[in-house]
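Take a look at the structure set out below.
The values are calculated or read from the model by the stated rules, or taken from the named source; none is laboratory data. Since the structure is predicted, the reported quantities are computational estimates derived from the model, not experimental observations. Note: ideal-geometry Cβ built from the backbone for every residue, glycine included; neighbour counts use all protein chains shown. Just the protein is used for accessible areas: all its heavy atoms, side chains included, with ligands, DNA and RNA removed. Shrake-Rupley method; radii C 1.70, N 1.55, O 1.52, S 1.80 Å.
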Amino acid sequence: MPFHEDKCPLCGDTGWAVSEEGGVPVARRCSCLEGRRAGTLLEAARIPRRYRDCSLDNFKPMSPRQNDALKTARKFINDFPARNAGLLFIGPCGVGKTHLAAAILKEIVVQKAVPGLFYDFRDLIRDIQATYTPDSDLNESDVLAPVFQSRILVLDELGAKRSTAWVEDTVFSIINYRYNRQQLTLFTSNFLDTADVELAAVAWKNTDLTKKEETLVDRIGPRLRSRLYEMCKIVDIDGEDFRRNVKQASYR
């Protein structure tokens, strides 16, 4: 959706506002350009429609860890770009990981006019693999270029697609590229960040110990997980499943 539905009353969308100074017409860059640039950057960020209205102001913490995560998100935005590490939001489904990541991306793109990009981990892998088909009009670099170059990247649902040697190598190359160039990356994951599932279950309260829980290392491999320790602050989030307990209750 375009950022502006109607023409700017000051410049008619030309980008130049004309006024008189001492009886002489003077043209200056119109103030609407900043808003249009923010709108263009926001569209280019590819934030999914479901998360476009997410903000830090409409995130409602329902647990101490969610409140801490919100504070971390605010600090991240306030400190940007003077940051040397991204964020890895880890927790069970429905506790607001993607909400916070999308809100951070949106606020940095709009407030600070910084190019950013949102990608679901599974979609990224599928989009790369699709370039290998004979009828594809794209090649791998067409998909990876914006992922490499975006000043801030959100990679949602890390580990949602089971790791293979190819997946691990591909994602490692992305993360390593961004790490070496100090480009900030935000990750979210539903997978436990410890081999000790019992301790994680106590922390999260709703982990089912009757079945074997896979960890993040199981899903992305130890090499990639190790690199994430270097480039991200870990943000553990717990709480009730918002979609189940709040959203379902709101449907009539």
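Being touching a helix residue (DSSP H, G or I) at 6+ places or on another chain (Cβ under 7 Å), open to solvent by 10 Å² or more (accessible area, probe 1.4 Å) and within 30 Å of residue 63 (Cβ to Cβ) is the requirement here; does residue 112 meet it?
Judged against the criteria, residue 112 is not a match.
Which residues, counting only those in region 39-70, are buried (at least 17 other Cβ atoms within 10 Å of the Cβ), assigned to a loop (DSSP other than H, G, I, E, B) and touching a Phe, Trp or Tyr at 6+ places or on another chain (Cβ under 9 Å)?
Across region 39-70, the qualifying residues are 45, 47.
Hey, any hits in region 45-52 for a residue that's at pLDDT 70 or above and farther than 20 Å from residue 109 by Cβ?
no
From the set of residues in region 168-182 that are under 28 Å from residue 73 (Cβ atoms) and out of contact with any helix residue (DSSP H, G or I) (no Cβ under 8 Å at 6 or more places or on another chain), which is least open to solvent (accessible area, probe 1.4 Å)?
173
Looking at 188, 207, 194 in this structure, which one is at pLDDT 55 or above and open to solvent by less than 40 Å² (accessible area, probe 1.4 Å)?
188
Can you go through 200, 165 and tell me which one is open to solvent by 50 Å² or more (accessible area, probe 1.4 Å) and modelled with pLDDT under 90?
Checking each option against the conditions leaves just 165.
Suppose we filter region 131-151 for residues that are outside any loop (DSSP other than H, G, I, E, B) and surrounded by fewer than 14 Cβ atoms within 10 Å (Cβ to Cβ); how many remain?
Total satisfying the criteria: 3.
Just one of the numbered conditions (1) more than 21 Å from residue 185 (Cα to Cα); (2) modelled with pLDDT of 95 or more is not true of residue 77; which one?
Result: residue 77 fails condition (1) only.
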